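K.L.:
Would you mind keeping the following structure in view while I ask a few things?
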């Protein structure tokens, strides 16, 4: 039986430079995978390519999700299928409250706004009472203060608050595969723990998670079953959690030596 997300021989170029050079990976719902690699190995390129960022050109290979090759689909189409990306550097949206942003996201993800985007109460959009109840439940699950919903999206947020906003979006959109692109970036140890606890609250047999990170420390909190090492655009080694601990202890040089036979 095929995995829920299957990446086959993926080659990706950015501004004419090839970054991913034949990447293969399979992820099922209910699994937690981690990808680790040195700077410039292609980790964020993989995240952006999975979500359909137009600057990342797939020159060869396939990305299969829910029985179809999603290469060529737009980001919103991928979202509606059940993919989610938590950004390494979330954007600030002054003047738009978190609650309004999340309601628009839920409606858009469900494909419930018309093409013009006009109107608040389109047929089939989530009723305000249902939305408020869902938002209240998810914020309570993530141990977030109710006042968070009225703040402008990421405006004046700390690094930890921005990442918690990403996890709240994940909770509201209820994806089947979530990609966390260096969620630990810029977080102190307390913020990292709080954000990780939020992710752990959302783990279920209906959610597969890919944690992309440079460091092992986030994996102390979000515990992967599978760890993959990405070097020079390819996954060159896979294993269990012990592989991340070995990287923490020895760095990446031993991986390169093992590949070259030195």
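Every number in this text was worked out from the coordinates using simple rules, so none of it is lab data. Given the structure is predicted, the values throughout are model-derived calculations rather than measurements. So basically every Cβ, Gly included, is an ideal-geometry build from the backbone, and we count neighbours across all protein chains shown.
K.L.:
Over the Cα atoms of the chain, Rg to Rh with Kirkwood Rh, two decimal places? Spell out each step's value before the answer.
P.N.:
Values: Rg = 18.7 Å, Rh = 19.2 Å.
We get a ratio of 0.97 for the chain.
K.L.:
If you take the beta carbon distance between residue 11 and residue 200 as r and set R0 to 35 Å, what does 1/(1 + (r/R0)^6) give as a FRET efficiency, to the nearest 0.05? Please report the intermediate quantities before stating the final value.
P.N.:
On the way: r = 34 Å, r/R0 = 0.97.
In this case the efficiency is close to 0.55.
K.L.:
On to the next question. GNM, the chain, Cα, under 10 Å: largest mean-square fluctuation among 14, 58, 227?
P.N.:
So, out of 14, 58, 227, the one fluctuating most is 14.
K.L.:
Sticking with this structure for a sec: Grab the Cα-Cα distance for residue 24 and residue 220, subtract it from 0.36 nm times how many residues apart they are, and report the gain in nm with one decimal. Provide the component values of the computation, followed by the final result.
P.N.:
Working: separation 196, 0.36 × 196 = 70.56 nm, distance 2.55 nm.
Extra length from residue 24 to residue 220 when fully extended: 68.0 nm.
K.L.:
Related question: If each DSSP helix of 4+ residues adds -39,500 (n - 2.57) and the sum is divided by the residues in the chain, what number results at 222 nm, nearest 500 deg cm²/dmol? Intermediate results must be reported in sequence, preceding the final value.
P.N.:
Values: 8 runs with 89 residues, N = 262.
Mean residue ellipticity at 222 nm (helix-derived): -10500 deg cm²/dmol.
K.L.:
Hey, another quick one. Taking the beta-carbon count within 10 Å as an exposure proxy, list 250, 256 from fewest neighbours to most.
P.N.:
250, 256
K.L.:
How many angstrom separate the Cα center of segment 232-257 from the Cα center of segment 154-226?
P.N.:
Centre-to-centre (Cα) distance: 22 Å.
K.L.:
Report, for the chain, the % of DSSP beta bridges that are antiparallel, rounded to 5. Write down the numbers at each step before the final one.
P.N.:
Working: 25 of 43 bridges.
About 60 percent, rounded to the nearest 5.
K.L.:
Just the C-alpha atoms of segment 57-111: what Rg/Rh do they give, with Rh taken as the Kirkwood radius? Provide the component values of the computation, followed by the final result.
P.N.:
Details: Rg = 14.1 Å, Rh = 13.3 Å.
On the Cα set of segment 57-111, Rg over Rh gives 1.05.
K.L.:
Continuing with this model, one more query. For the chain, set up a Gaussian network in which alpha carbons nearer than 10 Å are linked by springs, and say which option among 151, 164, 234 fluctuates the most.
P.N.:
151
K.L.:
State the volume of the convex hull built on the alpha-carbon positions of segment 128-205, expressed per residue in Å³ and rounded to an integer.
P.N.:
On the way: hull volume 7.7 nm³, N = 78.
Convex hull volume per residue, Cα atoms: 99 Å³.
K.L.:
Taking 0.36 nm per residue of sequence separation and subtracting the Cα-Cα distance, how much length would be gained by fully extending the chain between residue 80 and residue 66, in nm to one decimal?
P.N.:
Difference between extended and current length: 3.9 nm.
K.L.:
Also: Which of 55, 191, 47 ends up with the largest GNM mean-square fluctuation for the chain, with Cα atoms connected below 10 Å?
P.N.:
Between 55, 191, 47, it is 55 that shows the largest mean-square fluctuation.
K.L.:
Right, next: Please report 170, 36 as a ranked list, fewest other C-beta atoms within 10 angstrom at the top and most at the bottom. Don't skip to the end; give the middle numbers.
P.N.:
Values: 170 23, 36 26.
Final ranking by Cβ density, sparse to dense: 170, 36.
K.L.:
Hey, fewest Cβ within 10 Å first, where do 254, 64 land in order? Numbers along the way, then the final one.
P.N.:
Values: 254 12, 64 17.
Ranking 254, 64 by Cβ neighbours within 10 Å, fewest first, gives 254, 64.
K.L.:
Determine which residues of segment 1-37 fall in the zone a paramagnetic label at residue 252 would reach in this model, i.e. backbone nitrogen under 12 Å from the point 7 Å along Cα→Cβ.
P.N.:
Answer for segment 1-37: 36-37.
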